[in-house]
Amino acid sequence: MPYRFPSWWLTRGLRASLLLPLAAIHGVLSALRRAGYALNLLRADRLPVPVVVVGGIFVGGTGKTPTLQALVHGLQARGFKPGIVSRGYGAKTDLAEVRAGTDALRSGDEPVLLARNTGAP
């Protein structure tokens, strides 16, 4: 059932209208969170390395993986040594280093693909 929601908000009609209360709740919670950071009630941690997030609200088919690969290759060409953090859809483990030869059933197929295609840890 939850995987049908993306197609619901791309159409007009009753199903899309049913999502409006969820959108309103999300908007209010997001505004409260932003206000919490602006008022220093919430704290953002500073990391010792630059972080770039490649993601979106859609699952599959929006070009996140090819974009990430191009970004990693571009950074590597400029002398950087990027690493990739991926949750690995369908992974059977919580946290693990993935290399080109890692079993995709253990880590998820996308992290293995990224390791093979980029050489990045």
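The values are calculated or read from the model by the stated rules, or taken from the named source; none is laboratory data. Computed from a predicted structure; not experimentally measured. The area values use the complete protein model at the heavy-atom level, side chains included, leaving out ligands, DNA and RNA. Shrake-Rupley method; radii C 1.70, N 1.55, O 1.52, S 1.80 Å.
Could you list, in sequence order, all residues of the stretch 12-23 that are in a helix (DSSP H, G or I) and under 23 Å from the mean Cα position of the chain (by Cα)? Once the filter is applied, which keeps residues that are in a helix (DSSP H, G or I) and under 23 Å from the mean Cα position of the chain (by Cα), the stretch 12-23 yields Leu22, Ala23. The one condition from (1) open to solvent by less than 100 Å² (accessible area, probe 1.4 Å); (2) assigned to a helix (DSSP H, G or I) that Gly56 does not meet is (2).
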